[in-house]
Amino acid sequence: SWPADKVALATMNRPKEMNTLHLDLLSELDRVLDIAQVEKVRALIITGSGRAFCCGAHLDYFTDPNSPIGKSGFELRDNYLNHIARVFDRFEAMPFPVIAAINGFALGGGCEMAISCDFRIMSKTARIGVPEVKLGAIPGAGGVQKLLHHAGRSKAIEWCLLGTHLTAEEVDKHGLLYAAVEPDKLMEAALELADKLKELSPLAVAQAKASVYVSESVDLHSARRYGLESLALLVGSKDWE
């Protein structure tokens, strides 16, 4: 939907399944990103319906003898986890900001989705975490690596090994949130942030976002050089003042 000019809202709408990562949902998220790029949105908000933002893997896939993802660990990797990780990595690659409006449980892959977004606004009644260890698994779609970047090694180890469901207050202390708000203020807060972002140069926002993500994975010299090249691209552009 389009709650404001150049602002797109994608609502995951499988509430009975807690918005788990069904293959159809992953395809829809891919399509949302394609549409957002074509329409040149200035911000994309992602949220959930019902009690969950997203509760991670679609567990029926692991018990169904005719599961579309296969049975072996390698089939799981190739047919499912790689798809999840690729979609989440696309959030980071988009030239516009992606805002997670976390309305309820964001667990496992739902947490991985949220921390792949550029901003997180969380309801004070919501819970987030990576409880995969309690099921004999680990966060396999980038959650370990992204939590390490966001919260540091000590907290990444604590959250991954204990599998705790964390409150907005707990994760906000470690810099994961843009804001923690009352449940009835969640979408209002997300739209206010989107409005702020709309007022900025889309070219500069895209380059600034890319510079941050590139700087996470390269040495200081390469990161600084990328930043200089990005600035040079902006000089004389239609947004340059």
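The values are calculated or read from the model by the stated rules, or taken from the named source; none is laboratory data. Here the structure is a predicted model, which means the values were calculated and not measured. Quick reminder, even Gly has a Cβ in these numbers, built from the backbone with ideal geometry, and neighbours come from all protein chains shown. Note: accessible area is taken over every heavy atom of the protein model, side chains too, but ligands, DNA and RNA are not part of it. Shrake-Rupley method; radii C 1.70, N 1.55, O 1.52, S 1.80 Å.
Annotations for the structure displayed:
- Angle in degrees between helix 153-162 and the longest Cα principal axis of the chain, rounded to the nearest 10: 30 degrees
- Residue-normalised accessible area of the chain, expressed per residue, 1.4 Å probe, Å²: 52 Å²
- Only helical runs count toward this figure. For the chain, summing -39,500 (n - 2.57) over DSSP H runs of n ≥ 4 and dividing by all residues gives -13500 deg cm²/dmol at 222 nm.
- Count Lys and Arg as plus one, Asp and Glu as minus one, and take only other residues whose Cβ is under 12 Å from that of residue 107; the net charge is then +1.
- Fraction of accessible area attributable to carbon and sulfur, the range 1-145 (%, probe 1.4 Å): 55 percent
- Taking Lys and Arg as +1 and Asp and Glu as -1, the other residues whose beta-carbon sits under 12 Å from that of residue 98 total +1.
- Mean separation of Cα pairs under 8 Å and 6 or more residues apart, divided by the residue count, gives the chain a relative contact order of 17 percent.
- The packing ranking of peptides 82-89, 67-74, highest mean first, is 82-89, 67-74, where packing means the average number of other beta carbon atoms within 10 angstrom of each residue.
- The order of the peptides 31-39, 92-100 by mean Cβ neighbours within 10 Å, most packed first, is 92-100, 31-39.
- DSSP bridge pairs, the chain: antiparallel proportion in percent, nearest 5: 10 percent
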